[in-house]
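Data block below; observations after.
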Amino acid sequence: MKQLGRALAIQLHSGPRRVQLSIHQRLLETPLDQLLTDARTVRDRQFGSRVTYSPKVFIPLTMLCRDKCGYCTFAQPPARLENPYLSADQVLAIAKQGAKSGCHEALFTLGERPELRYDVAAEWLKANGFDSTVHYLHDMAALVLKETGLLPHANAGALYKDELAMLRSVSPSQGMMIESLRDDLDCHRGAPDKVPQRRLDTLEWAGELKIPFTTGILVGIGETREDRINALEAIATSHARHGHVQEVIVQNFLPKPRTGMQHEAPCPQDEYLWSIAAARIILPPSIHLQAPPNLSDDFGILLDAGIDDWGGVSPITADHVNPERPWPALDKLRVVTEARGKALAPRLTIYPEFAINPTVWVDEALHFPIQDRSDAEGLGRDDPGQVWPEKVTAADVVLDGAEVVLIGHRSTQWYSGANNPPPSLIGSQHDGTPFDEVDVDTLRGPIAEILHGVRLGQRINEAEIVTLFSARGKEVRAIARVADDLRKQVVGDAITWVHNRNINYTNVCTFKCKFCGFSKGPLSLNLRGTPYLLTLDDIANRAREAWDLGATEVTLQGGIHPDFDGDYYIDVTRAVKNAVPEMHVHGFTALEVTEGAKRLGEPLYNYIMRLKEAGLASLPGTAAEILDDDIRAILCPDKINTEEWLECHQVAHEAGLRSNITIMFGSVEHPNSWAKHIVRTRALQAQTGGFTEFVGLPFVHMASPIYLQHKSRRGPTFRETLLMHAIARIAYMGLIDNIQVSWTKIGPIGAAQLLQAGCNDMGGTLMNENISRAAGASHGQGMTEDAFRAITEPIGRSLLQRDTTYGRPDREPAILSS
Ligand code: SF4
């Protein structure tokens, strides 16, 4: 049996002509079943279990076209159209409908240069101030982007280089089907834009301009297998020069009434499958391969031929190119995809490989619009609901809350800190949906393999952690299931909480962390919230109040005030201990401790010992943000680096203090940084055993400076949030027993799901939570035992009060009401 794997595909691009001919021969001679197997192998090796689609709205800007193709029902004569072009209002109305339905893409499809054939088109453009269809397309794409945030994909046919360049400023990706390189096809006889060299020139110019580009072939319009191989090779050759082809569409011909080819036979299925498989083998593996699901009755079979993308699927508009073939419902697409052992993920019009490298591939004006809809992998945010561009105005009253308020269209997706409900990812008794258990043994692919290893007790490495973060659909539920099983084995069913009070003694800070909405410069006026500094008496009084209300811990952290030296933290600790000797003082981030020692010129160990003698009992893990210095250089360039954070906690552990690990995730980083963070902290825990828990802190974007400057994402998606906690449970297996939910950021409904995905702790009552509120979070400033119970009872779990280090508090619980 001749096998055409990846190695042969590579030779095809680089080998001498003799080798190419022999591979052509093999492609033509290999039995179809074997070819399909080889194509799947190439696909699976490159993309694992992932299959993507783009939730889009279809905007047929003009159905006039100067070309006459024998298979086309899209192009219409002027007499059949009310107007030659959609008006700006019509364009916007369609786009808004798309945005309301949760789409990410506005696909502009149009005929080619109708103004050269129809006076009515030329006159309309002139009357409306445009000198070409492409100019009008540019302005409509800009309008849709500005008003709805949908990312345009311009599908304007064969263009000249200046036209491609103009559209690059408003359209993150562009597309044009090569169709075929045969210049003698009957169907293209009346189509000047289908001259092969016109198409190849467009493809080449797009590469020179660094435009992420979509192209493809049409199968069954009179061409042969050799012709298809030639077309695919031409695409691969252009890609080899520029690296710009993001996807190739292999589309089957279907005859349509009232077209020149209406009496021709449709593309035979075997011929279509052969073409898809040949494309997968000929093209570099990194190019995504797409086949439209609405043009095949049994579309699951397309996956068997090696595709990894379904293309644009619209929940609201018809496929205007194939109006008789509606798109399958998303649920059906998911069922068919999962039945083949794959996981479905929504993407943007620009693929992740290009989206995460925007300086090369995207006009600067589009960097933020892309980031604003991206998840951490550069795919489309996958929480259900609407995503509108956020508009803000200065808040009238700031106090300890956010400095800005949202105006205009409200997004309805879940965001960290916002009140929008999260999707039910694992099924939950809490929100009334059945608890959906996934049998891990039925999963296939890399994630399934990792989970099998985990169940055998194997520790996951950095690369495996990154792979787990790519989970979708059933894979997410499987990870949650494995994490929940581990939680049960390690700590049982009780959900713990600590009765504590946050005391943020000052919001004045000399540091300039780009994510921080809490800190104020010393000269801030009311526009940025009032700068404050609590006195030692204030702090002591708050500690006393907290004790009277039943607290066992105060958590002390704040800005780095320019007047502080290291003795301030020692004085604060003493003030609390003098007021309430029994109180556990959990205080001071690694930044505060490191800065305190530095300002005194004292060795870190000595300084920490003096803090301990004053009464400090443990350190919070905040200021870790992401322990990856490349990301810290963006988020907090003047703060301690990764080594310094780790060193501070190591020294604290050596001094006999406990601490915890936090991670602030979902702003600018990608999953590889999350994995580094987990692996580095895990190594320290293996050495010292001093960390009590892991706390995931999803980035709250609404009033964060870095988001307001349009330089970050909108925090993690709920899937990413759930995975962060579940994967932490798995990754720290045997080293850290407690995984905490941050209710201030995740909210009660989300918290209930996380508690069924590996978490066992709700954190503290806090009483005065200021830091998340300053970033725009709206889940309240404090919790009570009753409020915790309202989350844990519906999921059938008991609630247990703990002290800071997970012992039982040695004081009578206070009676508190919500
Ligand atoms: S995160 Fe902390 S150190 Fe950074 S600016 Fe805010 S208060 Fe200051």
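The values are calculated or read from the model by the stated rules, or taken from the named source; none is laboratory data. For clarity, every value in this text was computed on a predicted model and none was experimentally measured. Here Cβ is always computed from backbone atoms with ideal geometry, including for glycine, and neighbour counts include all displayed protein chains. For the accessible areas, the whole protein counts, side chains as well, though only heavy atoms, and no ligand, DNA or RNA atoms are used. Shrake-Rupley method; radii C 1.70, N 1.55, O 1.52, S 1.80 Å.
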Query raised in the report: Any idea how far apart Asp186 and Glu582 come out in nm if each label point goes 7 Å out from Cα toward Cβ?
Result: 9.5 nm
Query raised in the report: Given the chain, what percent of its DSSP beta bridges are antiparallel, to the nearest 5?
Result: 10 percent
Query raised in the report: Over the heavy atoms of Asp186, what accessible area does a 1.4 Å probe trace out, to the nearest 10 Å²?
Result: 110 Å²
**Report entry** Rule-of-thumb Rg ratio for segment 270-403 [Cα; 2.2 N^0.38 Å; N residues]
**Finding:** 1.35
Query raised in the report: Working out 0.36 nm times the residue gap between Arg808 and Asp485, then minus their Cα-Cα distance, what length gain in nm do you get to one decimal?
Result: 113.9 nm
Report task. Quickly rank 62-72, 260-270, 457-467, 741-751 as a protection proxy: mean count of other C-beta atoms within 10 Å, highest first. Result -> 741-751, 62-72, 457-467, 260-270
**Report entry** By accessible area with a 1.4 Å probe, ligands and nucleic acids excluded, highest first: order of Lys56, Lys612, Lys512, Lys126
**Finding:** Lys126, Lys512, Lys612, Lys56
Query - Rounded accessible area per residue of the chain, 1.4 Å, Å² - result: 37 Å²
**Report entry** For segment 485-577, convex hull of alpha carbons as volume per residue, Å³
**Finding:** 169 Å³
Query raised in the report: Quick one: which of 786-798, 648-660 comes out on top by average Cβ neighbours within 10 Å, and what's the full order, highest first?
Result: 648-660, 786-798
Query raised in the report: So how much accessible area does Met177 have, in Å² to the nearest 10, using a 1.4 Å probe?
Result: 40 Å²
Requested in this report: Work out, in µm²/s and without decimals, the Stokes-Einstein translational diffusion coefficient of segment 108-213 at 10 °C, 1.306 mPa s, Rh from Kirkwood over C-alpha pairs.
Outcome: 109 µm²/s
Query - Cα-derived Rg to Rh of segment 24-157, Kirkwood definition - result: 1.14
Query raised in the report: Given segment 586-736, what whole percent of its Cα pairs are spread farther than 20 Å?
Result: 48 percent
Query raised in the report: What FRET efficiency do you get for Glu793 and Asp119 if R0 is 56 Å and r is their Cβ-Cβ distance, rounded to the nearest 0.05?
Result: 0.15
Query raised in the report: Based on the Cβ-Cβ distance of Leu81 and Asp304, what FRET efficiency does E = 1/(1 + (r/R0)^6) give at R0 = 51 Å, to the nearest 0.05?
Result: 0.80
Query raised in the report: Can you pull the three principal axis extents for the Cα set of the chain, in Å, largest first?
Result: 93, 64, 50
Report summary line: Length-normalised contact order of the chain, Cα under 8 Å, at least 6 apart, in percent, tallies to 12 percent
Report summary line: Excluding ligands, DNA and RNA, the carbon-plus-sulfur percentage of the accessible area of the chain with a 1.4 Å probe reads 51 percent
Report summary line: Over 30 Å (Cα to Cα) among Lys474/Lys512; Lys514/Lys598; Lys512/Lys676; Lys96/Lys514; Lys210/Lys711; Lys100/Lys332 -> Lys474/Lys512; Lys96/Lys514
Query raised in the report: How large is the dipole of the chain about the Cα centre if only Lys and Arg carry +1 and Asp and Glu carry -1, each at its Cβ, rounded to the nearest 20 debye?
Result: 680 debye
Requested in this report: Compare the peptides 379-385, 130-136 by average per-residue count of other Cβ atoms within 10 angstrom and give them in order, highest first.
Outcome: 379-385, 130-136
Query raised in the report: For segment 699-805, treating each Cα as an identical point scatterer without solvent, what Debye log10 I(q)/I(0) comes out at q = 0.19 1/Å?
Result: -1.05
Query raised in the report: Rounded to the nearest 500, what is the chain's calculated 222 nm mean residue ellipticity when only DSSP H runs of at least 4 contribute -39500 (n - 2.57) each, over all residues?
Result: -12000 deg cm²/dmol
Report task. Could you list, by residue number, the cysteines of the chain that have no other cysteine's beta carbon within less than 4.7 Å of their beta carbon? Result -> Cys65, Cys103, Cys187, Cys267, Cys509, Cys648, Cys759
Report summary line: The FRET efficiency for Asp297 and Arg258, from their Cβ-Cβ distance with R0 = 25 Å and rounded to 0.05, is 0.65
